[in-house]
Structures are given as structure tokens and as C-alpha cells.
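Student: Can you keep this structure in mind? I'll have questions shortly.
The values are calculated or read from the model by the stated rules, or taken from the named source; none is laboratory data. A quick note: this is a predicted structure, and the numbers were derived from the prediction, not measured. FYI the Cβ positions are ideal-geometry reconstructions off the backbone, even for glycines, and counts take in every protein chain you see. All accessible areas refer to the heavy atoms of the entire protein, side chains included, with ligands and DNA or RNA removed. Shrake-Rupley method; radii C 1.70, N 1.55, O 1.52, S 1.80 Å.
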Amino acid sequence: MTDHALSRRRLLGAGAAASTGALAAAALPDVADAKARRKPRKARPRSVDVVVVGGGLSGLTAARRVAAAGRSVVVLEARDRVGGRTLNHDVAPGRPVEAGGEYVGPTQNHVLNACREMQIGVYQAYFKGDSSYVADGQVTRYQGDIPPAALDLVGLQDLLSQVNGMADSFRVGEPWGHPQAAELEGQSVDSWLRSRGLLMTPRVHELVECLIEPSFGASNREISMLLFARFVNGSGDEQHKGTVERMLGGKGGGQDSRILGGSQLISLAMADALGAARVRLNAPVRRVTQAGGRLEVVSDAGTWKARKVVVAVPPPLAAAIDFQPVLPAEHRMLLQRSPMGALMKCEAVYDKPFWREQGLNGSAVVAGGYPMKVIFDNTPPEGGPGVLFGFCGGDSWRRFSGLPVRERRELVLRQFAKHVGPQALKAKDYFDMDWGREPWSAGGPVAIPSAGTLTGFGRWIRRPHGDVHFAGTETADYWAGFMDGAISAGKRAAREVLA
């Protein structure tokens, strides 16, 4: 058929349609309507060498290492931001404080090196002056990490000595290999304390809660002695063994220093270096399929094909991904039986840190029925505005978290006032971050394997599933649960996929 004939037929068809008027309109669907009803074409999957699931410190570290090796990579992050369990909050223009993970210290070499590499400053937290010990409604001032009244408790000293001894006998990163691992995992911190007899007074139980609740977001009943000793064992590096004092200590310990610009700045800088094309937000991953040496990753922001995948999200979120073929039963059990702790960070903002004028450094240990067991000065390095914060976790979280924000504010300010005086009641702002209700963290600060999980399935914690590799702070040997552990785990996962 000639072009002329085709054109003529089109012209005749158009004329016929016009002559029939409304009848034609009724008989033939509108072209625009037909297009609207037509299913959109499925976007073709994009291809990269490595897909990283999770835009926290661990996932971004792995992605940077992969990109530096000349391989293509994309990070798929479920939230509308990067940073994972780190989050900045501006208390004044250009003056952020941390609503999530915050402190760094000696032997946390991976996070400190990352800061140096990206030219991010680190400065010592505020320790000048006295800390406060609140018990029986009384406030006692002291210096150091542990109140003298607590040091006089033989039961507390026994606990610290025993846990340090257990930790020293572990192989780093492999607590399940300890000869007494099953026995230690069968005892919670609470049941272990009770088994020690009269030395473990109610006050000792309260003070141990002050150690456990902010560290794990859980009560003494929920943390096994094996898990506690595992974290203590890893609170060091290859040259320095871990101790309770280093894990929980202030000056010279795990809470020694802060990040200039807030801890989320590390993730923001990493994401900026990778570029927007390599970091996709609002992209929760739903399915990972392996077949024929290739992987397909399905997310809410599209589908990617890859040669390797790194999963760097908290265990409960990793367990929710549809892996095809399915994960081995042991690995699935490990993830499913490792829920996150329940922790809230509560902060009050003042015109200035007035407690410093009283010779107080803002730190407090609080025994008894208060919502927060430990309190810290979170004032920006410029010296203002003044900020106090406390952690509410475990049993305290269960009592406190569901209250209306007005009631939470009132309880928090009253507790701060007990610690630093009535001026604390006149906060100009209050905010809190409830990590237990944050869906893409599923809790915080760290996963808590249930009884029998580490000894039964812990060996699977870093084991690849075909071409799927696992990162995240929980998989680290040293400083698991901290920012340092997240970064070291990301480096290890990158080495695996590049090997």
C-alpha cells in the first residue's frame, strides 16, 4: 500500500468519524481514556556490581569501599534520610545535638579514622566539675565514673570483677565458643545477681539497671550474662582487652568524646561523597532473589540486578526481607530471635548550661523509680544553648513511652530538676526520640538475642548466603552496638564482596 493510499484512508476515516457525531463518541473509547487505562510499562531493572541494603554507617562504609575499588554500587535506604540509628537535631541554627548514637572513645579506631579521613572534628565531652548520684530522694556529688556509695557495695564490685573475668576468657567475636557459653546464656543478669546471695542487695540491682537499661534498652531480666560479657569483651581493640569500665566509662571510655557537627554528619558526608545517584532514599527492600550467579533486588524505588548484595540493617528488618532461595533455617532463627532493645532519648534545652555555674558537669546516675537511669550534658561545643539528656530504656521505656508528650516532658523536667535544681523546670524546648517506635530501626540501641540464640545460632551471624553478605553493628567483633562496630562491619562486608 502506497503512502498516498494510507493517507487517504486515514482522511476518510476521520471524515466518517466526524459525520457520525455523538454516535461515534459513544461507540469509540476516547484515546486519552484508553491510555489512562493502559498498564504502565514496568521499568527495566538497573544493573550494578553491588547493592547495599541500608544507609546507616555500616552500609555507607561498605558502599564507599566498593566504589573506591572501581565497582558500581547503589545504596537502598528505607528512610527519607541516611544515618540509621544516628540522627541530628538542631537546638539552634547551625548547632546540632544527637538524638541517637553519639559518643566515641579510645580504641574505637574505625570511627575515629573515618572522622579523620573526612575531616570531621572530634572533641572531648564535658567532664569538668561533679557528677550527681541520686538515690532515696537524695543527691550526692562525686567525681569519676562510679559513685563512691556504689563502690562501697561489695555485690556491685563482685559483678564487675566477674563480668570482666568472663569477658577476658572469650575469643573476641565468638562468645558461643566459650566452654560455659550455654550456662552463661541460660542466666539473665537478674538471675545471676539473685544467685549470688545477700551481697546483691536491692540497691545493687538498681545500680546494675543503671548500667544495663541505657546500654541495651532492656532490663536485667532480658540480658543474658553471655551477651553482657560479649559486649564487654569487644569494648577494646587488638591491643587492649575490653572491660566494663571502658565500655561504660566517660573520660577515657566509650563515652569520652563527641563528633563536631553531630554524629549523623559522618553518614551525611559518606552519602555526599557517594553522590545522589548511588544513594536512593525511600527505598525499602522487599525481596532478594539469587539465580544463575545474578541477584535481583526489589525495592519500593525500583528493581536492581547485581552480582553481590550487602544487607546492613538491624536483624528484625533483615528477617523481614523475602530471600529466594530462603535463608538457611539457622540464619533465619538468629535474625528472628534477635529483637531490638527499647530505648528513648529525652532532651531539654535551656538558654545556657546553668548547671556548670554550680560546678556540675551534667552527668548523673539515678537509682530508683525515675524514668531515666543516666543523664548527660549534651550542650553544643560552642557552650550554648544548654542541653541535658537522659536514656529511658527497658522497663522504664514500657512505663514511660506511651504517655502523651506533655506528661513525658513534665516527668523529664522534674527529674532534671532533682539533679541540677529548679531552673531545670523552665526549659525553653523539649524533644525526645523514641527508637522503640521508629519502624526502620525497630528499636535500639542494639539487637538482643533471646536465650539460647547465641549458643544455638550465633555462628551464622557473619556467614554469607550465597552472594548475599551481612553487615551492621551487631555483626562486629569489637564495639558491637556502637558506631565503631557499624563501620568495622561495613569494611569487613566490603572485603568479602570484593574478594
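Student: Hey, how much of the P(r) for region 54-140 falls beyond 16 Å, as a percent of Cα pairs?
Tutor: Summing the P(r) tail past 16 Å for region 54-140 gives 71 percent.
Student: Just flag the trypsin sites (Lys or Arg not before Pro) in region 104-144 sitting in loop per DSSP whose Cβ has no more than 15 other Cβ atoms within 10 Å. Numbers along the way, then the final one.
Tutor: Numbers: sites: 116, 128, 141; in loops: 128.
Loop-located and lightly packed - 128.
Student: Relative to the first principal axis of the alpha-carbon coordinates of the chain, what is the inclination of helix 264-274, with its axis defined by its Cα atoms, in degrees from 0 to 90 and to the nearest 10?
Tutor: For 264-274 against the chain, the angle is about 30 degrees.
Student: Can you pull the Kirkwood radius for region 173-278, inverse mean 1/r over Cα pairs, to one decimal in Å?
Tutor: Taking the inverse mean of 1/r over all distinct Cα pairs, region 173-278 comes out at 16.3 Å.
Student: How many times 2.2 N^0.38 Å is the alpha carbon radius of gyration of the chain?
Tutor: 1.18
Student: Something else about it: Given Cα pairs under 8 Å that are at least 6 residues apart, what percent is the relative contact order of region 400-482? Provide the component values of the computation, followed by the final result.
Tutor: On the way: 44 pairs, mean separation 12.2, N = 83.
Worked out over region 400-482, it gives 15 percent.
Student: Dipole of the chain (Lys/Arg Cβ +1, Asp/Glu Cβ -1, origin at the Cα centre): which of 487, 52, 175 lies farthest to the positive side?
Tutor: Most positive-ward Cα: 52.
Student: Taking Cα pairs under 8 Å and at least six residues apart, what relative contact order does the chain come out at, in percent? Each step should come with its number before you reach the end.
Tutor: Details: 1034 pairs, mean separation 115.0, N = 499.
Computed over the chain, the figure is 23 percent.
Student: Could you calculate the FRET efficiency of residue 152 with residue 198 from 1/(1 + (r/R0)^6), where r is the beta carbon distance between them and R0 is 22 Å, rounded to 0.05? Before the final figure, lay out the partial values.
Tutor: Working: r = 15 Å, r/R0 = 0.70.
Once the sixth-power term is evaluated, E becomes 0.90.
Student: List, in order, the whole-Hz ³J(HN,Hα) value for each residue of region 357-371 obtained from phi through the Karplus relation with A = 6.51, B = -1.76, C = 1.60 and θ = phi - 60°; use x for Gly and Pro.
Tutor: Calculated HN-Hα couplings, in order: 5, 8, x, 9, 9, x, 7, 8, 10, 10, 8, x, x, 6, x Hz.
Student: Right, here's the next one. Work out from phi, with θ = phi - 60° and the Karplus expression 6.51 cos²θ - 1.76 cosθ + 1.60, the ³J(HN,Hα) of each residue of region 161-168, listed in order in whole Hz, and give x for Gly and Pro.
Tutor: Per-residue couplings from phi come out as 5, 5, 5, 4, x, 4, 4, 5 Hz.
Student: May I ask what percent, to the nearest 5, of DSSP beta bridges between residues of the chain are antiparallel?
Tutor: 70
Student: Just round it to a whole percent: the fraction of Cα-Cα distances in region 107-249 exceeding 28 Å. Before the final figure, lay out the partial values.
Tutor: Numbers: 2701 of 10153 pairs.
For region 107-249, the share of Cα pairs beyond 28 Å comes to 27 percent.
Student: Determine one quarter of the surface area of the Cα convex hull of region 149-188, which equals its mean projected area, and express it in nm² to one decimal.
Tutor: Numbers: hull surface 13.3 nm².
Spelled out: convex hull of the Cα atoms, projected over all directions, averaged, 3.3 nm².
Student: What does the C-alpha gyration tensor say about the overall shape of region 401-440? Classify as rounded when a/c is under 1.5, otherwise prolate if a/b is larger than b/c, or oblate.
Tutor: Prolate.
Student: Would you grab the residues whose amide H sits under 5 Å from the one on residue 200? Only those 5+ places off in sequence or on another chain, please, with H modelled 1.01 Å from N.
Tutor: Excluding prolines and chain starts, which carry no amide H, there are no hits.
Student: OK, next. Need one number: convex hull volume per residue for region 240-355, Cα atoms only, in Å³.
Tutor: On the way: hull volume 25.9 nm³, N = 116.
Expressed per residue, the convex hull around the Cα atoms of region 240-355 is 223 Å³.
Student: Can you pull the percent of the chain's accessible area that's carbon plus sulfur, 1.4 Å probe, other chains left in place?
Tutor: In the chain, the share of accessible area belonging to carbon and sulfur is 53 percent.
Student: Mind checking the per residue accessible area of the chain for me, 1.4 Å probe, whole number of Å²?
Tutor: It amounts to 44 Å² per residue over the chain.
Student: Another one. Would you kindly compute the Cα radius of gyration of region 323-473 and its largest Cα-Cα separation (Dmax), both in Å?
Tutor: For region 323-473, the Cα-based Rg and Dmax read 19.9, 62 Å.
Student: What are the residues whose amide H is under 5 Å from the amide H of residue 470, where those residues sit 5 or more places off or on another chain and H is modelled from the backbone?
Tutor: Under 5 Å from the amide H of residue 470: 311.
Student: Let me ask you something else. In degrees from 0 to 90, rounded to the nearest 10, what is the angle of the helix 3-20 Cα long axis to the longest principal axis of the chain?
Tutor: Compared with the principal axis, the helix lies near 80 degrees.
Student: Still on this model: Amide H to amide H under 5 Å from residue 324: which residues, 5+ apart in sequence or cross-chain, H placed 1.01 Å off N in plane?
Tutor: Amide H neighbours of residue 324, under 5 Å, 5+ apart: 288, 289, 290.
Student: Report the charge-dipole magnitude of the chain in Debye, nearest 20, computed about the Cα centre from +1 at each Lys and Arg Cβ and -1 at each Asp and Glu Cβ.
Tutor: Using only the charged Cβ atoms, the result is roughly 2460 debye.
Student: Compute the Kirkwood hydrodynamic radius of region 383-471, taking the inverse of the mean of 1/r over all pairs of distinct Cα atoms, and give it in Å to one decimal.
Tutor: Averaging 1/r across every pair of different Cα atoms and inverting gives 16.5 Å.
Student: With θ taken as phi - 60° and the coefficients 6.51, -1.76 and 1.60, list the Karplus ³J(HN,Hα) couplings across region 466-483 in order, rounded to whole Hz; mark glycine and proline as x.
Tutor: Whole-Hz 3J(HN,Hα) from phi for region 466-483: x, 9, 9, 10, 10, 10, x, 4, 5, 8, 6, 6, 9, 6, 4, x, 10, 4.
Student: Same structure, new question: Output the 0 to 90 degree angle, nearest 10, between the alpha-carbon long axis of helix 405-420 and the longest principal axis computed from the alpha carbons of the chain.
Tutor: 30
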